[in-house]
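Let me begin by presenting the structure, written as structure tokens, before commenting on it.
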């Protein structure tokens, strides 16, 4: 498993996912909490923290064991997103 260094307090748990026909474990992080850490620890404003997170953390593919970054949201928001995505197809 690969850890995002400096964000241990943002860990939600571990996910078991399939990579081909092999089950692997990945650390799961709360993405919004990570953005908060960037703002508080590194003195970034919100926009800077989001940009840094998107490019340097979420966008950094590190292979099979790349961590999973979760944006907590409501079921209603998920359903709205699913409906929107289905309309685009």
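Read-outs: derived from the displayed coordinates by stated rules, not from any lab. Computed from a prediction, not measured in an experiment: that's the story for all the values here. Please note: Cβ atoms are built from the backbone with ideal geometry, for glycine as well, and neighbour counts cover all protein chains shown.
Show me 42-52, 14-24 ranked by packing, highest mean number of other Cβ atoms within 10 Å first. Present the calculation step by step, with values, prior to reporting the outcome.
Numbers: 42-52: 13.2, 14-24: 9.9.
Listed from highest to lowest mean packing, they are 42-52, 14-24.
222 nm [θ] for the chain, helices only, -39500 (n - 2.57) per DSSP H run of 4+, per residue, to 500? Show your work: numbers first, answer last.
Numbers: 3 runs with 33 residues, N = 89.
Value at 222 nm, helices only: -11000 deg cm²/dmol.
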| remark: Here the gain from full extension of residue 5 to residue 80, 0.36 nm per residue of separation minus their alpha-carbon distance, amounts to 23.6 nm
| Want the number for residue 73 to residue 18: 0.36 nm per residue separation, take away the alpha-carbon distance, what's left? | 17.4 nm
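Sort 25-37, 55-67 for me by packing, meaning the mean count of neighbouring Cβ atoms within 10 Å per residue, highest on top. Walk me through the numbers on the way to the answer.
Values: 25-37: 18.3, 55-67: 12.6.
Ranking, from highest mean packing down: 25-37, 55-67.
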| Among [x] 14.6; [y] 13.8; [z] 14.2, the entry that matches Kirkwood radius over Cα pairs in Å as calculated here | [x]
